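Asker: Encoded as structure tokens, here's the structure I'll be asking about.
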């Protein structure tokens with residue numbers, strides 16, 4: 001890499017970190033201010049309610065007292081007028097005064113309550129919130145020079161990329177990893193894996209197309225994710241594994257990587273082969289069972305040198321396979337060792353490597369004939385079998401295939 005690229009990563013990531021910190025703490029300040037304002041409004045409303053509920057009866061009492069005093073004052077003035085008037089009017093006015101005096105009840109005015117019987121509003125506040133905030137804020141956020149996880153390796157696979165990552169911070173206790181990818185030229189990152197494993201095969205990638213991959217982690221007991229790793233660019237030059245379209249008795253998915261045994265040919269469907277010999281030694285070929293049907297001893301899932309259109313099963317020469325009952329066949333002969341029966345969710349893997357016993361030819365051309373041996377490992381469940389597969393001619397790529405006697409089976413290949 002150019003020194004300028006490395007410097008740009010340091011400066012660019014530092015700038016992004018600054019902006020992220022400023023944005024986050026600005027949002028926190030806004031949120032905290034809003035929460036405090038809302039809480040203050042609630043408490044002030046409670047004060048208003050207490051004040052209104054408490055003052056209302058006191059105001060009513062005040063009005064009642066004022067009304068009684070005013071009535072008594074008016075009666076007093078009326079009595080004074082009656083005393084000063086002449087003899088002709090005095091009797092009438094004194095009679096009216098006496099009548100009104102008997103009607104009012106000056107001795108029934110409400111008693112003014114003592115201070116201890118009426119509310120004395122106060123606010124209870126302490127510094128515990130401030131102490132808690134100070135403690136949490138002092139530990140909120142962190143800055144690190146490197147993310148706790150980094151992508152370690154990108155391996156191209158047919159139509160896919162195997163991503164491996166590792167933890168670089170020994171003090172970071174990981175609960176889950178999170179892997180994302182996107183096309184390098186455009187598009188948004190999307191989640192492709194969340195879990196405890198440290199590798200994942202990203203499927204459905206177009207060959208010869210750059211993709212960016214990044215990974216982060218979540219600590220034990222935490223909800224937030226760590227910073228992302230430095231994005232790594234990866235691609236595959238290998239065409240994806242596909243089943244051959246148009247085979248009787250099988251229905252394929254749109255990407256042709258899933259085959260479902262249909263009931264259109266219940267008696268005989270033959271072998272469904274791959275669209276091309278896309279399996280190369282040194283790779284891992286995986287068959288994932290996403291639906292099951294009735295088990296039959298004639299069933300087979302495996303690899304072969306060529307396509308034989310009339311063959312009913314891969315239990316034949318120039319092929320290695322496993323039956324749905326777990327039996328393993330090499331060139332049509334059943335091995336003593338057996339694997340577990342294939343069930344819903346089973347993943348059957350094939351790994352092969354070349355074992356050089358004898359020179360193939362003077363010019364090392366694989367197609368010139370001679371003894372050619374492949375070391376084959378078939379895995380299913382928690383078990384695997386390893387054996388040598390002897391061929392009469394050299395091959396550098398193989399077909400894969402399956403034959404399923406009964407409908408209902410669904411097989412994903414990758």
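The values are calculated or read from the model by the stated rules, or taken from the named source; none is laboratory data. Here the structure is a predicted model, which means the values were calculated and not measured. Positions of Cβ are generated from backbone atoms using ideal geometry, with glycine treated the same way; all protein chains shown enter the neighbour counts.
Asker: Within the stretch 73-112, which residues are surrounded by 10 or more Cβ atoms within 10 Å (Cβ to Cβ), under 30 Å from residue 54 (Cβ atoms) and at pLDDT below 80?
Answerer: Within the stretch 73-112, 104, 106, 109, 110, 112 qualify.
Asker: Here's another thing I want to ask about it. Taking the stretch 318-343, which residues are assigned to a strand (DSSP E or B) and either in contact with a strand residue (DSSP E or B) (Cβ under 7 Å, 6 or more places away or on another chain) or under 10 Å from residue 378 (Cβ atoms) (or both)?
Answerer: 319, 320, 321, 322, 327, 328, 329, 330, 334, 335, 337, 338
Asker: While we're looking at this one, here's another question. In the stretch 205-232, which residues are in contact with a strand residue (DSSP E or B) (Cβ under 6 Å, 6 or more places away or on another chain) and assigned to a loop (DSSP other than H, G, I, E, B)?
Answerer: 205, 210, 220, 225, 226, 228, 229, 231
Asker: Look at residue 32 and say whether it is closer than 30 Å to residue 147 by Cα, surrounded by 10 or more Cβ atoms within 10 Å (Cβ to Cβ) and either assigned by TED's automatic domain parsing to the domain that holds residue 93 or modelled with pLDDT of 90 or more (or both). Write out each step before concluding.
Answerer: Details: closer than 30 Å to residue 147 by Cα: yes; surrounded by 10 or more Cβ atoms within 10 Å (Cβ to Cβ): yes; either assigned by TED's automatic domain parsing to the domain that holds residue 93 or modelled with pLDDT of 90 or more (or both): yes.
Criteria met by residue 32.
Asker: Considering only residues of the stretch 318-337 that are free of Cβ contacts under 8 Å to residues at least 40 places away in the same chain and more than 23 Å from residue 241 (Cβ to Cβ), which is surrounded by the most Cβ atoms within 10 Å (Cβ to Cβ)?
Answerer: Checked the stretch 318-337; the qualifying residue surrounded by the most Cβ atoms within 10 Å (Cβ to Cβ) is 327.
Asker: Only one residue in 141, 221, 246 is on the phi > 0 side of the Ramachandran plot and under 18 Å from the mean Cα position of the chain (by Cα), so which one is that?
Answerer: Exactly one residue qualifies, and that residue is 221.
Asker: Related question: State whether the residues of the stretch 119-135 include one that is outside the structural domain of residue 223 (by TED's automatic domain parsing) and farther than 25 Å from residue 40 by Cβ.
Answerer: Taking the stretch 119-135 as the starting set, the residues that turn out to be outside the structural domain of residue 223 (by TED's automatic domain parsing) are 119-135.
Remaining after also requiring farther than 25 Å from residue 40 by Cβ: none.
No; the residues of the stretch 119-135 include none that is outside the structural domain of residue 223 (by TED's automatic domain parsing) and farther than 25 Å from residue 40 by Cβ.
Asker: Another question, if that's okay. Give the residue that is surrounded by the fewest Cβ atoms within 10 Å (Cβ to Cβ), with candidates limited to residues of the stretch 233-258 that are free of Cβ contacts under 8 Å to residues at least 24 places away in the same chain and in a strand (DSSP E or B).
Answerer: The residue in question is 251.
Asker: Now, a different point. Go through the residues of the stretch 77-99 one by one and say whether even a single one is within 60 Å of the chain's Cα centre (by Cα) and without any contact (Cβ under 8 Å) to a residue 24 or more places away in the chain. Write out each step before concluding.
Answerer: Filtering the stretch 77-99 for residues within 60 Å of the chain's Cα centre (by Cα) gives none.
No: zero hits.
Asker: Give the number of residues within the stretch 50-88 that are part of a helix (DSSP H, G or I) and in contact with a helix residue (DSSP H, G or I) (Cβ under 7 Å, 6 or more places away or on another chain).
Answerer: 5
Asker: Just to be sure before I move on: is residue 202 touching a strand residue (DSSP E or B) at 6+ places or on another chain (Cβ under 8 Å) and loosely packed, with under 15 Cβ neighbours inside 10 Å in the structure I sent?
Answerer: no
Asker: Out of the residues in the stretch 280-291 that are at pLDDT below 95 and either over 17 Å from residue 242 (Cβ atoms) or not in a loop (DSSP other than H, G, I, E, B) (or both), which is nearest to the chain's Cα centre (by Cα)? It would help to see each step written out before you state the result.
Answerer: Narrowing the stretch 280-291 to residues at pLDDT below 95: 280-284.
Those left that are additionally either over 17 Å from residue 242 (Cβ atoms) or not in a loop (DSSP other than H, G, I, E, B) (or both): 281-282, 284.
Numbers: 281: 35, 282: 33, 284: 28 Å.
Checked the stretch 280-291; the qualifying residue nearest to the chain's Cα centre (by Cα) is 284.
Asker: Turning to a different aspect of this structure: Out of curiosity, is residue 58 closer than 26 Å to residue 110 by Cβ and in contact (Cβ under 8 Å) with a residue 40 or more places away in the chain?
Answerer: The answer is yes for residue 58.
Asker: Among the residues of the stretch 265-272, is there at least one that is at positive phi, surrounded by 15 or more Cβ atoms within 10 Å (Cβ to Cβ) and either in contact with a strand residue (DSSP E or B) (Cβ under 6 Å, 6 or more places away or on another chain) or assigned by TED's automatic domain parsing to the domain that holds residue 403 (or both)?
Answerer: As a first pass, look at the stretch 265-272 and keep what is at positive phi: 270.
Subsequent filtering for residues that are surrounded by 15 or more Cβ atoms within 10 Å (Cβ to Cβ) retains 270.
The next check asks that each one be either in contact with a strand residue (DSSP E or B) (Cβ under 6 Å, 6 or more places away or on another chain) or assigned by TED's automatic domain parsing to the domain that holds residue 403 (or both); those that pass are 270.
Among the residues of the stretch 265-272, at least one is at positive phi, surrounded by 15 or more Cβ atoms within 10 Å (Cβ to Cβ) and either in contact with a strand residue (DSSP E or B) (Cβ under 6 Å, 6 or more places away or on another chain) or assigned by TED's automatic domain parsing to the domain that holds residue 403 (or both), which makes the answer yes.
Asker: Just to be sure I understand the filter: pairs with C-beta atoms under 6 Å, separated by 6 or more residues or on different chains, first member in the stretch 272-300 and free of Cβ contacts under 8 Å to residues at least 12 places away in the same chain, second member part of a strand (DSSP E or B) and surrounded by 15 or more Cβ atoms within 10 Å (Cβ to Cβ). Which pairs pass?
Answerer: Going by the 6 Å Cβ cut-off, there are no qualifying pairs.
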